[in-house]
Amino acid sequence: MKSSLRLYFFALLIFISTQKANALDSFDHTHGSWTQILQEFGTENKNNKNIIAKINYSKLKKSSKLKNYLNTLADVISSQFSQFNKEQQLAFLINAYNSQALNIIAQNDTKKSLHEMGSAFEDFFHKKSFRLFREDKSLDDLNQELRSKGKDPRIFFALSCGAVSCPPLMSRAYTANNLNEQLDHQTKSFLQDKSQNEMFYTKRKYRLSKIFKTYQKDFEINGDSVQKFVGRYITEDPNIKKYLSDGNFTLEYMDFNERIH
């Protein structure tokens, strides 16, 4: 009898372990559906094909493809997510942020700015607009989780809220295998966009996106600074990089434009 019980519990453990493994294996960490959505409903930037210049929100609103992708994200429960490795978790949260932001805008496609999509009590970023991990979530919830898990300020340039002053969407999903390269690319693209950030190196001055002011402390981890971080990405010229490396630059910040681009 005892032998039979031991065999039963052993078989049960194997079954549970198999189910967990199958659940982990069933999630598509390439986020292929999200890449397809970006390429079908987005128009690539003429000067940088890795960047989306514009989204056709009215066409997207009529399609079920985004809803289906968001459902695959919502099906992931906390215990399953905790089994993902760090890069998989970060890619998941970045793609979740960007796809949820896109969905909110598509559902409010007659509104022209993020301000119009908020309410008297909650703005666009803090409004609990979707479900994830069986909880009501806001874009800010995902942002805070990414800050906590990632501790990497490059992540800010991967998050696209759809407004003129926000970083643009990448034309492909973020994936664990390519995450470091993708974050580097997005950071360089955003910092080298003169409509978002300007360098006046003879005056030793930067005029930067307000992202750097809002999240200043995140850029000061391990003795770093906004100035030193910017100096590493704002130019490809090695001579100018060397000149910028001391970080002795004054800072000014651009106004945040909430208009949907």
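The values are calculated or read from the model by the stated rules, or taken from the named source; none is laboratory data. Since the model is a prediction, treat every value here as computed from it, not as a measurement. Note that we place each Cβ from the backbone using ideal geometry, even for glycine, and neighbour counts take in every protein chain shown.
From A173, A158, grab the single residue that is crowded, with 19+ Cβ neighbours inside 10 Å, in contact with a His (Cβ under 6 Å, 6 or more places away or on another chain) and in contact (Cβ under 8 Å) with a residue 40 or more places away in the chain. Talk me through it step by step, then tell me what you get.
Values: A158 fails: in contact with a His (Cβ under 6 Å, 6 or more places away or on another chain).
Checking each option against the conditions leaves just A173.
Looking only at the range 101-143, count every residue that is at pLDDT 95 or above, closer than 18 Å to F41 by Cα and in contact with a Ser or Thr (Cβ under 7 Å, 6 or more places away or on another chain) and tell me the total.
Within the range 101-143, residues that are at pLDDT 95 or above, closer than 18 Å to F41 by Cα and in contact with a Ser or Thr (Cβ under 7 Å, 6 or more places away or on another chain) number 2.
Any residue at all in the range 170-190 that is assigned to a helix (DSSP H, G or I), assigned by TED's automatic domain parsing to the domain that holds L102, acidic (D, E) and on the phi < 0 side of the Ramachandran plot?
Among the residues of the range 170-190, at least one is assigned to a helix (DSSP H, G or I), assigned by TED's automatic domain parsing to the domain that holds L102, acidic (D, E) and on the phi < 0 side of the Ramachandran plot, which makes the answer yes.
Checking N239 against (1) loosely packed, with under 15 Cβ neighbours inside 10 Å; (2) of a type outside the set (D, E, K, R); (3) touching a strand residue (DSSP E or B) at 6+ places or on another chain (Cβ under 7 Å), which single condition isn't satisfied?
Going through (1) loosely packed, with under 15 Cβ neighbours inside 10 Å; (2) of a type outside the set (D, E, K, R); (3) touching a strand residue (DSSP E or B) at 6+ places or on another chain (Cβ under 7 Å) one by one, N239 breaks only (3).
Taking F125 and the conditions (1) assigned to a helix (DSSP H, G or I); (2) in contact with a helix residue (DSSP H, G or I) (Cβ under 8 Å, 6 or more places away or on another chain), which numbered condition does it fall short on, given that it satisfies the others?
Among (1) assigned to a helix (DSSP H, G or I); (2) in contact with a helix residue (DSSP H, G or I) (Cβ under 8 Å, 6 or more places away or on another chain), the lone unmet condition for F125 is (1).
Could you check the range 216-234 and list, in sequence order, the residues that are under 17 Å from Q186 (Cα atoms) and part of a loop (DSSP other than H, G, I, E, B)?
Of everything in the range 216-234, just one residue is under 17 Å from Q186 (Cα atoms) and part of a loop (DSSP other than H, G, I, E, B), namely I234.
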